[in-house]
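To keep things clear, I will list the structure first and then write my remarks on it.
Bear in mind that the values in this text are calculations on the coordinates, not laboratory data. Since the structure is predicted, the reported quantities are computational estimates derived from the model, not experimental observations. Methodologically, a virtual Cβ is constructed for each residue, glycine included, from the backbone with ideal geometry; neighbour enumeration extends over all protein chains shown.
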Amino acid sequence: MHTPLSGILPVAPTPFHADGRVDDVGMRRVLDLMIDQGVDAICILANYSEQFVLSDEERAMLTRLCLEHVAGRKPVIVTVSHFSTAIVVARAKAAEAMGASMVMMMPPYHGVGLVPAEQGIFEHFRAVSDAISIPIMVQDAPISGVNLSVPLLARMAREIENVSCFKIETPFAADKLAALIEAGGEAILGPFDGEEAVTLLADLDAGATGTMTSGLFPEQIRPIVVAHRAGDMDAALDRWRRCLPLINHENRQCGLRACKTVYAAGGVIASDHVRHPLKPLCDRTRARLLQLARELDILALRWGK
């Protein structure tokens, strides 16, 4: 990438057959849909890709499949998180060699009781940066249980060559984004939010340049970012109001299952299977999800039919 990313960079779900096997045909269809949704980049192997139920062999296969299938049509961000610095370095090098435009990684963690000190976290990211030449997005999310302070993040941006993008999805994300932008200055090239864009408007007000949502309906969330960045606050607010019920239902009731459920209903993928111990949506939650998605006439419900 020659210019910093902005806009919407959704996470691609990993489709499985009903028996739990990776659906490689479905994965290609997911990527094609996301390109048709007008995304600015695609993130793979993230938490909303169910990366935590994939084997190392499956991860490697999916990385190659996705990068070969996208074939430069959009930048691809490959998530490489792992507690082991050696493993995350190897994953990052492999992703770059296969054509990734960026890698995303969480800080090293293994439960709340096993988290390195700040210097260890800094060294973890620096080791990856020293091994590759593509940008690194730091994912700051409550799921890790790691407190990434603003001073630490700003130091990483200033002192680690390839760290310039940050996905902030902590409580009070807007305040943290604003503080990070102020502390890091010109070293912060890509401040993003996450969590399905549930706090998007506040985060854009704070200086975010984009969002990493799920792949549920980025074609309708992206215009919020575009309008806000163009200074058309009325249009951004109007679109936000229309999208918020579905965003909220996904974020608070469905989680990663929402995207797969809608994709299956729209014929994008054959099954909305999630691997055990995750469970499918209950009928009540699924019905409301599909109702809200139909009311917005989202592309994923029409794309495969």
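Any idea how far the Cα center of segment 1-69 sits from the one of segment 253-305, in Å?
17 Å
Relative contact order for the chain: what is it in percent, counting Cα pairs under 8 Å that are at least 6 residues apart?
Working: 561 pairs, mean separation 57.6, N = 305.
19 percent.
Once the piece of chain linking Arg73 and Glu123 is laid out straight, how much longer is it, given 0.36 nm per residue of separation minus the C-alpha distance between them?
Values: separation 50, 0.36 × 50 = 18.00 nm, distance 3.33 nm.
Gain in length upon complete extension: 14.7 nm.
If you place +1 on the Cβ of every Lys and Arg and -1 on the Cβ of every Asp and Glu, how big does the dipole about the Cα centre of the chain come out, in debye to the nearest 20? Don't jump to the answer; show the numbers that get you there.
Values: 30 positive and 36 negative charges, 161 e Å.
Dipole magnitude for the chain comes out near 780 debye.
In whole Hz, what ³J(HN,Hα) sequence does segment 9-20 give by Karplus (6.51, -1.76, 1.60; θ = phi - 60°), x for Gly and Pro?
In residue order, the calculated couplings are 10, x, 8, 7, x, 9, x, 10, 5, 4, 8, x Hz.
Say the dipole of the chain comes from +1 at the beta carbon of Lys and Arg and -1 at that of Asp and Glu; which of Pro171, Gly7, Leu33 then lies farthest toward its positive end?
Most positive-ward Cα: Leu33.
Lys/Arg Cβ at +1, Asp/Glu Cβ at -1, dipole of the chain taken about the Cα centre: which of Ile134, Cys243, Val103 is farthest positive-ward?
Cys243
If the chain between Asp234 and Arg288 were fully stretched, how many nm would it gain, using 0.36 nm times the residue separation less the Cα-Cα distance?
Values: separation 54, 0.36 × 54 = 19.44 nm, distance 2.81 nm.
Working it through step by step, the gained length comes to 16.6 nm.
Based on Cβ point charges of +1 for Lys and Arg and -1 for Asp and Glu, what charge dipole magnitude is obtained for segment 190-293 about its Cα centre, in debye rounded to the nearest 20?
Details: 13 positive and 12 negative charges, 110 e Å.
Dipole of segment 190-293, to the nearest 20 debye: 520 debye.
How much length, in nm to one decimal, is gained on full extension between Ile87 and Arg252, taken as 0.36 nm per residue of separation minus their Cα-Cα distance?
Working: separation 165, 0.36 × 165 = 59.40 nm, distance 3.28 nm.
Value of the extension gain: 56.1 nm.
When Lys and Arg each count +1 and Asp and Glu each count -1, what net charge do the other residues less than 14 Å away from Gly304, Cβ to Cβ, add up to? It would help to have the intermediate numbers written out before the result.
Details: positive: Arg28, Arg29, Lys260, Arg302, Lys305; negative: Asp23, Asp32, Asp36, Asp272.
Once positives and negatives cancel, what remains is +1.
Once the Cβ-Cβ distance between Ser55 and Glu161 is put in as r, and R0 is 22 Å, what FRET efficiency do you end up with, to the nearest 0.05?
On the way: r = 32 Å, r/R0 = 1.45.
Efficiency, from the Cβ-Cβ distance: 0.10.
Using a 10 Å cut-off around each Cβ, can you sort Ile181, Ile168 from fewest to most neighbouring Cβ atoms?
Arranged by neighbour count, lowest to highest, Ile181, Ile168 become Ile181, Ile168.
Pop out the ³J(HN,Hα) list for segment 215-221 in order, Karplus 6.51 cos²θ - 1.76 cosθ + 1.60 with θ = phi - 60°, rounded to Hz; leave Gly and Pro as x.
x, 4, 8, x, 5, 9, 8
Would you kindly calculate the translational diffusion coefficient of segment 100-178, applying Stokes-Einstein with the Kirkwood radius from alpha carbon pairs, for 10 °C and a viscosity of 1.306 mPa s, and quote it in µm² s⁻¹ without decimals? Working shown, then result.
On the way: Rh = 12.8 Å.
After rounding, the answer is 124 µm²/s.
Highest mean first, what order results for 295-305, 10-20 on Cβ atoms within 10 Å? Mind showing how you got there, number by number?
Details: 295-305: 15.8, 10-20: 21.4.
Answer by packing, highest mean first, reads 10-20, 295-305.
For every helix of n ≥ 4 consecutive DSSP H residues, a contribution of -39,500 (n - 2.57) applies; sum these over the chain, divide by its total residues, and give [θ] at 222 nm rounded to the nearest 500 deg cm²/dmol. Intermediate results must be reported in sequence, preceding the final value.
Numbers: 11 runs with 135 residues, N = 305.
Taken over the chain, the calculation gives -14000 deg cm²/dmol.
What number, in nm² with one decimal, is the all-direction average of the projected area of the convex hull of the alpha-carbon atoms of the chain?
Numbers: hull surface 57.8 nm².
For the chain, the mean projected area of the Cα convex hull comes to 14.4 nm².
Taking the Cβ-Cβ separation of Asp130 and His276 as r and a Förster radius of 51 Å, what is the calculated FRET efficiency to the nearest 0.05? Intermediate results must be reported in sequence, preceding the final value.
Details: r = 38 Å, r/R0 = 0.75.
After rounding, the FRET efficiency stands at 0.85.
Could the peptides 93-101, 198-206 be put in order, highest first, of the mean number of other beta-carbon atoms found within 10 Å of their residues? Before the final figure, lay out the partial values.
Working: 93-101: 18.7, 198-206: 21.8.
Those peptides, ordered most packed to least, come out 198-206, 93-101.
Could you list which residues have their amide H under 5 Å from that of Tyr109, counting only those 5 or more apart in sequence or on another chain, with H placed in the peptide plane?
For Tyr109, whose amide H was placed from the backbone, the distant partners under 5 Å are Phe83.
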